[in-house]
Each structure stands twice: as C-alpha cells, then as structure tokens.
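The values are calculated or read from the model by the stated rules, or taken from the named source; none is laboratory data. Computed from a prediction, not measured in an experiment: that's the story for all the values here. Virtual Cβ from ideal backbone geometry, glycine too; neighbours counted across all protein chains shown. For accessibility, only protein heavy atoms count, side chains too; no ligands or nucleic acids. Shrake-Rupley method; radii C 1.70, N 1.55, O 1.52, S 1.80 Å.
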Amino acid sequence: MTMKHYYPTYYQDFRCIAADCPDSCCQGWDVVIDSDAEQFYNTVQGEFGEKLREAIITDADGDRVFRLAENKKCPFWGADRLCDIYRALGEEHLCATCARFPRITMDYTVFTEHTLALACPEAARLILTTDGAYADFYDIQAKNCEDYDAETMRLLLNVRKRAADILTQRIPLEERFERILRAAAEAQRAKTGVVFDPAGNDPDVFEQLEYIDEKNRLLFVLAAEKQPDFSRYERELTNLSLYWLYRYLLGAINDGNIMAAMRFLTVSVGIVANLAAESGDIIAAAQTYSKEIEQSYENIEELGVRS
Ligand code: SF4
C-alpha cells in the first residue's frame, strides 16, 4: 500500500531565518541527541570534539541532551546567533531533533500528515498568515488498517471536516467555537454514549503547568480567566484554530477523547487572543503560548490532547 502524504500549503515555504529569529529554538529547550549523532560526535577530534563530549549529559528521563548554558541557552549557540555545530561540522551532522525542527510528522499508518511547530516564530508567521492552507487534507479517506479502528478514524475525519467548514464560516468566532464544541460533543456521545459538557478547560489548570519563563504563569492564568475579544485578529485566530484542529483532532484515535482536542483549541485561541490584545503582537503571542504549552509533553498531557 502506498502511503499518502498531506502538507499544508505553507510547509514548503518554511526557511529557518537563523540569526534574524526573534526567539530561537536554541534557547529554553532540552535537545535530545539521537545515538547516531552522539556516535559521530564521539569521533570528532580536537577542541571542538572535546567541547561536544563535555556538553552531553543524561537528563532525569534518561535522555542524552546538551547541558544548557546560562539563560537556558544551547552551549553551541554562537554569539552571532548561529549554530556552532552547523558551522564546524555541517548541516548533515546536526542531531535529528535540530535537523527536523520545526517540521512535525503525524503518522496515521495508512496516511501521514505534516505540519510545522507553532513554537518557531517563522513557522508561526506562516501558520497565522496563510489562508486556505489545508485544502489538501479535506478529502482524506480512512482505509482499514491493523493499528486502529477505521470506523473511529472515519468518525474523526468527518468531525474534522465539519469543524473546518464551521471555522471558515463568516460568523463571529465565538459562535463558530460554540458550534464546533457542540459538533464534537455530539460525535463524542455517538461514540461513547456519554453526554459531555462542551465547556472548555478549567482556567486553574494553567496555574499548575510547567513554564520555561515563570512570568508566563501569571500572564497565562489571567488570559485564561478573561473573556476574549476575537474581533481584532479574526483572520489570524481563524488560521490558528484551523492549525490546532489539524494538529490534534486525529490524535483522538488513541483514546477516543474528541472533546479534549476541541476544548484545547477553543481555550488556547482565547488565551492567545487575550495575550495579543495586551502585547499587540499576535504572532509572538501564539508562538510564546506554543513554546510554553505545546513543546512540553507534561503540559500537553495535562491538557488532555494527543498528537
Ligand atoms: S525557531 Fe525556527 S526560525 Fe528560529 S532558529 Fe529555530 S528553526 Fe530557525
């Protein structure tokens, strides 16, 4: 069986803007080093080889990572904001995490969907400013496969299609959100027989999450508590809603929890709208939210979504 691959239109337009990046993937995250890269780093001679080996440690999860330097910076992030490993050894010797970021692959066995991580500022710009990016995903068919129930996948694809139609209607975003939550609650009831409250996540959950930058804890809690005004950045917030719909809804194939993905979408768009209303920068608001929330396995699990 040939695997079909689906891409949003902005995917091919992505180019890392490196030194011009306003935030960077080289700060704030643990970079897990794959064994092929580490084996190669063990063969690098001279001072740079020594620096590589000294920088690699085992973290609390047992992963091999670079020990972060001051301000949680990657130790190979140069003063010119370019990567020393890239410079010294070439792109082909970046570890898989760095070489791939911000590209994300979602493998559903009989088809694969691709997207970009919103936590990258340049990807965030493309995601929020590209309209009609998901036309390619519209008619995906679920075929039988051994890894999951094709009937559930068909249900999820139908819910997603319905939600995408609703999200592109010319009615206020609040109303679109009410409709997609109702559609998800109906599908959830059809699947499990359980009646779900379509309300969003409890704002208190944002108090409990882990943050790279502690000041975001209070900002996110306040933004989660406040009623959002969607009118200012309606176009970008619509594109953001579609992004999260395509990023997470099919993840419900793992646990059948359709509501979790839809609640995450509506609550997160509300928080980003409020953060942007304060800062006046919708792209930075979405990117910061994603960096703090989506790039943390613990946080995303706490919010109940699967990818
Ligand atoms: S966050 Fe994105 S644009 Fe910035 S350095 Fe990383 S890959 Fe490049």
Any hit, segment 233-241, residues being open to solvent by 10 Å² or more (accessible area, probe 1.4 Å) and under 29 Å from Lys72 (Cα atoms): no
Filter result (part of a helix (DSSP H, G or I) and either open to solvent by 30 Å² or more (accessible area, probe 1.4 Å) or in contact with a Ser or Thr (Cβ under 6 Å, 6 or more places away or on another chain) (or both)) within segment 47-65: Glu47, Phe48, Glu50, Lys51, Arg53, Glu54
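To keep it simple, each residue is scored yes or no on (1) of a type in the set (Lys, Arg); (2) farther than 16 Å from Ala164 by Cα.
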| residue | (1), (2) |
| --- | --- |
| Leu218 | no, yes |
| Ala224 | no, yes |
| Thr238 | no, no |
| Trp244 | no, no |
| Arg247 | yes, no |
| Ile253 | no, yes |
| Gly256 | no, yes |
| Val267 | no, yes |
Subset of segment 116-157 (residues that are under 21 Å from Lys291 (Cα atoms) and open to solvent by less than 10 Å² (accessible area, probe 1.4 Å)): Leu116, Ala117, Leu118, Ala119, Ala123, Ala124, Ile127, Leu128
Which listed residue, of Ala133, Ala119, Ala124, is in contact (Cβ under 8 Å) with a residue 40 or more places away in the chain, part of a loop (DSSP other than H, G, I, E, B) and within 16 Å of the ligand (Cβ to nearest atom): Ala119
Residues of segment 3-31 satisfying the condition of being open to solvent by less than 60 Å² (accessible area, probe 1.4 Å) and not in a loop (DSSP other than H, G, I, E, B): Tyr6, Tyr11, Ala18, Ala19, Gln27
Search result, residues across segment 9-53 that are closer than 30 Å to Asn144 by Cα and away from the ligand (no atom under 16 Å from the Cβ): Thr9
Close pairs from segment 20-45: first closer than 16 Å to Gly78 by Cβ and of a type in the set (Asp, Glu), partner within 16 Å of the ligand (Cβ to nearest atom) and assigned to a helix (DSSP H, G or I), Cβ under 9 Å, at least 6 apart: Asp20/Glu122
Residues located in segment 156-176, provided they are of a type in the set (A, V, I, L, M, F, W, C) and free of Cβ contacts under 8 Å to residues at least 60 places away in the same chain: Ile166, Ile171
Pairs where the first residue, in segment 61-90, is on the phi > 0 side of the Ramachandran plot and the second is of a type in the set (A, V, I, L, M, F, W, C), C-beta under 6 Å, 6+ apart: Arg81/Ala19
Exclusive hit being open to solvent by 30 Å² or more (accessible area, probe 1.4 Å) and within 14 Å of the ligand (Cβ to nearest atom), set Leu89, Leu68, Leu82: Leu82
Index of the failed condition, Val44 passing every other in (1) of a type in the set (Val, Ile, Thr); (2) under 30 Å from Tyr289 (Cβ atoms); (3) assigned to a loop (DSSP other than H, G, I, E, B): (2)
Of all residues making up segment 15-46, the number that are touching a Pro at 6+ places or on another chain (Cβ under 7 Å) and acidic (Asp, Glu): 1
From Gly270, Gly251, residue being at pLDDT below 95 and under 18 Å from the mean Cα position of the chain (by Cα): Gly251
Criterion: under 30 Å from Gly193 (Cβ atoms), at pLDDT 95 or above and of a type in the set (A, V, I, L, M) - qualifying residue of Leu303, Leu275, Leu245: Leu245
Residue check, Glu301 of a type outside the set (Gly, Ala, Ser), part of a helix (DSSP H, G or I), under 16 Å from the mean Cα position of the chain (by Cα) and closer than 21 Å to Gly28 by Cα: yes
Enumeration of residues in segment 277-292 that are assigned to a helix (DSSP H, G or I) and within 21 Å of Leu116 (Cα to Cα): Ile282, Ile283, Ala284, Ala285, Ala286, Gln287, Thr288, Tyr289, Ser290, Lys291, Glu292
